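Structure first, then comments.
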Amino acid sequence: MKPPVLHLELTSKCALRCTECARTKYLEKIPIRELSVSVVENIKKSGKIFREVSLCGAHGDPIYHSNFHSILKILKDFPGQPLISIATNGSYRSEDWWKETALLLARKDEIIFAVDGLKDTLNQYRVNADWDSIRLGMETVKKFSRVRLIWQWILFRHNEHQLEEAGKLAKEWKVDQFLLLKSSRYSKESAEYPMRSTDFAQEEFRRGFDLSSL
Ligand code: SF4
């Protein structure tokens, strides 16, 4: 039997207010918390083997944990050396912060940047996301490591026309994988259901990705 995946919700902190996120909708009810470093130490000491450790917040973004790098160092020392997967929007961290992150990760690890749109549309769903620092994060990660860089994009009506352009940027930023998602969360005010299919959108993305290499 394969070793299990360990999912750690590092923090309920987030700099964004994505319109259909439960955290945004129930902000008043969600206490701001961080997982204690000693909890991660104790999991390591238990000796249990995991094939992957996923840092993917349901109600927060892991990169805002105040001891993120200390936790990453402990995870890299876990028995069996599991794959580390970090899911984030990637806003507001500095070049030095991303460099330190990149240097701690190995080729088999991955960072998933959730970026649904380009500079002019990103904020329609990812309210308060910061395009320039996301870009800096992606470029720094690739500059200092061989970690797998994944661009995740939720398809909305306001971003479905930008896939070819996204493909060109992904090529430029050395993105390893593009993950196109269809959400079940839409509302008339904030995030309208896309008109185009995910297959069509993928095709558009691929066209940009290939064209830019000519
Ligand atoms: S980045 Fe994630 S946790 Fe933060 S508001 Fe958006 S969906 Fe919610």
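Bear in mind these aren't lab numbers, they're just calculated from the coordinates by the rules spelled out. Fair warning: this is a prediction, and the values are worked out from it, not measured in the lab. When we count neighbours, we look across all protein chains shown, and the Cβ atoms used for this are built from the backbone with ideal geometry, even at glycine.
Observations on the model:
- The listed residues are Glu172, Glu164, Glu189, Glu95, and the only one of them that is surrounded by 15 or more Cβ atoms within 10 Å (Cβ to Cβ), in contact (Cβ under 8 Å) with a residue 24 or more places away in the chain and acidic (Asp, Glu) turns out to be Glu164.
- Filter result (assigned to a helix (DSSP H, G or I), within 16 Å of the ligand (Cβ to nearest atom) and of a type in the set (S, T, N, Q)) within segment 126-170: Ser133
- Residue check for Glu9: in a helix (DSSP H, G or I) and more than 9 Å from the ligand (Cβ to nearest atom): no
- Cβ pairs under 8 Å, 6+ apart, first in segment 132-155 and free of Cβ contacts under 8 Å to residues at least 40 places away in the same chain and within 12 Å of Phe178 (Cβ to Cβ), second assigned to a helix (DSSP H, G or I) and among the basic types (Lys, Arg): Leu149/Lys142
- Qualifying residue in segment 3-10 (condition: out of contact with any Phe, Trp or Tyr (no Cβ under 7 Å at 6 or more places or on another chain), surrounded by 14 or more Cβ atoms within 10 Å (Cβ to Cβ) and charged (D, E, K, R)): yes
- Hey, Asp109 among the charged types (D, E, K, R), over 28 Å from Glu20 (Cβ atoms), crowded, with 19+ Cβ neighbours inside 10 Å and away from the ligand (no atom under 16 Å from the Cβ) or not: yes
- Odd one out for Val39 among (1) under 30 Å from Glu192 (Cα atoms); (2) hydrophobic (A, V, I, L, M, F, W, C); (3) not in a loop (DSSP other than H, G, I, E, B): (1)
- Qualifying residues in segment 41-80 (those that are surrounded by 17 or more Cβ atoms within 10 Å (Cβ to Cβ) and of a type in the set (D, E, K, R)) - the one farthest from Leu104 (Cα to Cα): Asp61
- Each residue in segment 42-58 was checked for being part of a loop (DSSP other than H, G, I, E, B), of a type in the set (Gly, Ala, Ser) and more than 21 Å from Ile112 (Cα to Cα), and 1 of them qualify.
- Cβ pairs under 6 Å, 6+ apart, first in segment 111-122 and on the phi < 0 side of the Ramachandran plot and among the polar types (S, T, N, Q), second away from the ligand (no atom under 11 Å from the Cβ) and not in a strand (DSSP E or B): Thr121/His158; Thr121/Asn159
- Going through (1) away from the ligand (no atom under 16 Å from the Cβ); (2) within 21 Å of Gln177 (Cβ to Cβ); (3) hydroxyl-bearing (Ser, Thr, Tyr) one by one, Thr88 falls short only on (1).
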